[in-house]
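Structure, as structure tokens:
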Amino acid sequence: MTPSIFPLRIENLVYEVGERALLRGITAEIGATQRTVILGPNGAGKSLLLRLCHGLLAPTGGRVVWQGRKEGAAIRDQAMVFQRPVTLRRSVAANVAYALAIRGVSRGPRRLRVDEVLARTGLTAKARVSARVLSGGEQQRLALARAWASRPQVLFLDEPTANLDPAATRAVEEVILEIQASGTKIVMTTHDLGQARRLGEEILFLCDGRLVERKPADRFFAGPESPEAAAFIEGRLTW
């Protein structure tokens, strides 16, 4: 069994561009189980924090530490899905198969995993269709299937339903819940309060590059302690 990469420790994390601080000394520890939602207004630093945790960017201060792993060594146990999914110019099934091939999964197990994740994301009927002709919601489910097939310990999701209609959003959220139920930790960003209420089990609330508040979701929505979080929930903090 692969050793757990959790907890994830974020230690005094800073990210600066020129003289501008986009993230300001964020410290938190994230465990392996609950769905963690990074919530906040546009420009709060949510997506940037996700990219730093996933190792796509290097911090200008502080560090990201995965339990028992040297820096960068946990990347194979992670996956990330972006707001705008990237699809290859090949079939839906081939998109998933390619992701497994570059991870070294042999042909037999690869075929079984492709069939499994397409079935569980509702894409079996689209297996031979070009990924480029899928709807936006279907492309996002394909991105989730491709990430899920690698059996990551953690899946980072950056505003995964930001451009989708309500029906497509619901379908994507159902897949996210299935992925978590299969044993993968979910860490996702959103500025959508309704989605945070539906999916969040713990909330990290960011504002202006700072971690302003962290609570279990039910306690956060019942009574935020910070004026910034209270204003955001009431619709008075939107930038």
Query raised in the report: Before we move on, is A97 among the small types (G, A, S) and either part of a helix (DSSP H, G or I) or more than 21 Å from the chain's Cα centre (by Cα) (or both)?
Result: yes
Query raised in the report: Taking the condition hydrophobic (A, V, I, L, M, F, W, C), touching a residue at least 40 places away in the same chain (Cβ under 8 Å), in contact with a Ser or Thr (Cβ under 8 Å, 6 or more places away or on another chain) and under 18 Å from T184 (Cα atoms), does A32 pass?
Result: yes
Report summary line: Pairs returned, first residue in region 61-90 that is within 14 Å of A145 (Cα to Cα), second residue that is surrounded by 14 or more Cβ atoms within 10 Å (Cβ to Cβ) and of a type in the set (S, T, Y), beta-carbon separation under 6 angstrom, 6 or more apart or interchain, are A79/S150
Query raised in the report: Within region 146-178, which residues are under 19 Å from P109 (Cα atoms) and part of a helix (DSSP H, G or I)?
Result: R146, A147, W148, A149
Query raised in the report: How many residues does region 28-52 contain that are in a helix (DSSP H, G or I) and either over 14 Å from I10 (Cα atoms) or of a type in the set (D, E, K, R) (or both)?
Result: 3
Report task. For R107, indicate whether it is basic (K, R) and modelled with pLDDT of 95 or more. Result -> no
Query raised in the report: In this structure, is G25 in a strand (DSSP E or B), among the small types (G, A, S), touching a residue at least 12 places away in the same chain (Cβ under 8 Å) and in contact with an Asp or Glu (Cβ under 7 Å, 6 or more places away or on another chain)?
Result: no
Query raised in the report: Is it fair to say L155 is crowded, with 19+ Cβ neighbours inside 10 Å, at pLDDT 95 or above and in contact with a Ser or Thr (Cβ under 7 Å, 6 or more places away or on another chain)?
Result: yes
Report task. Among the residues of region 70-125, count how many are surrounded by 21 or more Cβ atoms within 10 Å (Cβ to Cβ) and of a type in the set (V, I, T). Result -> 6
Query raised in the report: Within region 73-80, is there a residue that is of a type outside the set (D, E) and either under 20 Å from L164 (Cβ atoms) or over 21 Å from the mean Cα position of the chain (by Cα) (or both)?
Result: yes
Requested in this report: Just give me the residues in region 179-223 being among the acidic types (D, E), surrounded by fewer than 16 Cβ atoms within 10 Å (Cβ to Cβ) and not in a loop (DSSP other than H, G, I, E, B), in sequence order.
Outcome: D218
Query raised in the report: Which number in (1) touching a helix residue (DSSP H, G or I) at 6+ places or on another chain (Cβ under 9 Å); (2) at negative phi; (3) touching a residue at least 12 places away in the same chain (Cβ under 8 Å) marks the one condition that R236 misses?
Result: (3)
Query raised in the report: Among all residue pairs at least 6 apart or on different chains, which show Cβ distances below 8 Å where the first residue, located in region 148-167, is basic (K, R) and the second is surrounded by fewer than 24 Cβ atoms within 10 Å (Cβ to Cβ) and in a loop (DSSP other than H, G, I, E, B)?
Result: R151/T184
Query raised in the report: Here are G61, G122: which of them is among the small types (G, A, S) and touching a strand residue (DSSP E or B) at 6+ places or on another chain (Cβ under 6 Å)?
Result: G61
Requested in this report: Kindly check whether there is at least one residue in region 124-138 that is within 19 Å of T33 (Cα to Cα) and either part of a helix (DSSP H, G or I) or of a type outside the set (D, E) (or both).
Outcome: no
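The values are calculated or read from the model by the stated rules, or taken from the named source; none is laboratory data. Not measured: the values here are computed from a predicted model. Cβ coordinates were reconstructed from backbone atoms using ideal geometry, including for glycine residues, and neighbour counts include every protein chain displayed.
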